[in-house]
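Structure record follows, encoded as structure tokens.
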Amino acid sequence: MPVNNYKLTDLDKLVSLSKRRGIIFPSSEIYGGLASVWDYGPIGVEIKRNIKDLWWKSFVSEREDILGFDASILMHPNVWQASGHLDSFSDPLVECSETGKRYREDNIFIAEKEDKGKKQLFSIEANDIEEAKNLVNDKSTEIKNLKDYKEKNLPSPEGGILSEPRMFNLMFKTFMGPLENENATVYLRPETAQAMFVNFINVFNSSRKKIPFGIAQQGKSFRNEITPSNFTFRTREFEQMEMEWFCKPGEDENWHKYWINFSMEWFKQYGIRKENLRLRNHDKTELPHYSKASSDIEYNFPWSWGELETISNRTDYDLKAHAKLSGKDLTYFDQSTNERYTPFVIEPSMGADRSVLAYLCDAYCEEQLENETRTLLKLHPKIAPITVAILPLSKNEKLSSLSKKVYDILKSKYNTQYDDTQSIGRRYRRQDEIGTPICVTIDFESVENDNAVTIRNRDTMEQMRVNIDRIVEGIEDSITEMQ
């Protein structure tokens, strides 16, 4: 795929494009919206579906050692008791004395600056310290996370004073049945992983797989985030693509490295520029209670580096916790070694929504033409929502008839769109903005003389004339050049 040297620095441009072109809309917008909840429009749903399909192909369909799974969102409350979510799935929350606005403690950074010999303190809300430094943009200013301070009465970003931190559980609670009481309490799942752990024996017995093997699923999860932010990056409802890899203890560290490399290459394979990806290993202070080691694949978003996927070595924590509370045997017997053990688990956990956002950010490009700025999404052809757009030069009856014939040839092979509204120039720009790799134009020469069409390359705007009988080969050649 041709290199996109453009760096998106203004997220508002992408948000505006997303709404204008039917990629992502604010949820319930006619009622003022619902904070940090988003809907995927006709174009966005195709991009998201393509990314999910490519993940499924790489992690399930093309492998004999990983099985697909689709669990319910509602689960027995004991699942979350065993996993630790009821007791420890919480974030420290602080509140501004002036506005009542609430923040995650780890998203508040205190900046210290010397002014006439006196130490001045002010606070910044940011996802991490790198973003905080970028917002301050002054190397002489010392910046620390709020949780590193023991002092009270620290300033709020809103101008007031920050309260003492208190714990806030992130799970959404609801009730099952006609009565809303403690006995009817259930939760919207905060992750898809636990269903694969509690179904480990079911999958193993029904599939007769031998360790190592994996269970994979895609699905919605819900977290009552204190401070959702940055478009679809941190939201309260989101979709995960997770795989649990069950392996023999002692082999877990090698498998952890394997899945880190596998995941990193997956992002690059479909067009994310390698300079916008990095690996960050968690230090011991930030590891979850179940993790022996965790590594984030991060993307360089317009605001700063942010997590796309976490690959964790969960050890045997989850299976042992569920075995203990349920009283069920979740061990594995290896007939080849006559050995019984609880498997270790390596978990690549990727966000579908964050992946969509990263691919959009990486593909967004502005090019200065002679009389205008061309905006386009240089999406990988397998991620692009529309692969081929059929564009008759005008609404002339003969052109329309031949164009429909071309559309019928291509629609079973590609995700194809027929568009005959507005001028041809505006239609090209519209297709550029949604990332369509190939435009096919039918003109009067096509009808009257050569039975050929013009194939236009999105990235280079180069055009070539191809006979309709060879249109599929011509499109394939053009797509191959873009990958």
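Just so it is clear, none of the values below were taken in a lab; they were calculated from the coordinates. All values derive from a computational prediction rather than experimental measurement. Virtual Cβ from ideal backbone geometry, glycine too; neighbours counted across all protein chains shown.
Listing for the model above:
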read-out: Under-5 Å amide H pairs with Gln417, H placed in peptide plane, nonlocal only; value: Val388, Ala389, Ile390
read-out: Positive-end residue, the stretch 386-482 charge dipole about Cα centroid, Cβ charges, pick of Ala389, Val453, Gln422; value: Gln422
read-out: Candidates per trypsin sites (Lys or Arg not before Pro) in the stretch 71-118, loop by DSSP, up to 16 other Cβ within 10 Å; value: Lys101, Lys116
read-out: Antiparallel content of DSSP bridges confined to the chain, in %, to 5; value: 90
read-out: Low-density loop positions, GluC sites (Glu not before Pro), the stretch 299-379 - DSSP coil, at most 14 other Cβ in 10 Å; value: Glu370, Glu372
read-out: Solvent-free Debye scattering, log10 I(q)/I(0), computed from the Cα coordinates of the stretch 261-336 at q = 0.18 Å⁻¹; value: -0.82
read-out: Lys, Arg +1 and Asp, Glu -1 on Cβ, resulting dipole of the chain about Cα centre, debye, nearest 20; value: 400
read-out: Spin-label pair Asp10/Leu179, simplified geometry with 7 Å Cα→Cβ offset, distance in nm; value: 5.9
read-out: Alpha carbon convex hull of the stretch 1-139, projected area averaged over orientations, nm²; value: 16.2
read-out: Packing rank of 175-181, 235-241, 22-28, where each peptide gets the mean count of other beta carbons within 10 Å, highest leading; value: 235-241, 22-28, 175-181
read-out: Positive-end extreme of charge dipole, the chain - chosen from Met176, Leu399, Ile201 (charges on Cβ); value: Met176
read-out: Cα-only radius of gyration and Dmax that characterise the stretch 386-482, units Å; value: 12.0, 34
read-out: Kyte-Doolittle at least -1.0, axis length at least 15 Å by Cα - qualifying DSSP helices, the chain; value: 42-56, 352-363, 397-410, 471-482
read-out: Euclidean distance between Cα centres, the stretch 295-311 to the stretch 330-350, Å; value: 30
read-out: Spatial separation of Cα centroids for the stretch 371-431 and the stretch 219-246, in angstrom; value: 34
read-out: Global size of the stretch 313-408 as Cα Rg and Dmax, reported in angstrom; value: 27.4, 76
read-out: Cα pair distances in the chain, grouped into 20 Å bins until the bin that holds the longest one, percent each; value: 20, 47, 28, 5, 0
read-out: Relative intensity, log₁₀ I(q)/I(0), of the stretch 90-169 from a Debye sum that treats every alpha carbon as a point, q = 0.15, 0.27 Å⁻¹; value: -0.49, -1.37
read-out: Ellipsoid semi-axes in whole angstrom, largest first, where each is sqrt(5λ) of the Cα gyration tensor of the stretch 214-322; value: 24, 19, 14
read-out: Helical contribution to [θ] at 222 nm, DSSP H n ≥ 4, -39,500 (n - 2.57), averaged over the chain, rounded to 500; value: -8500 deg cm²/dmol
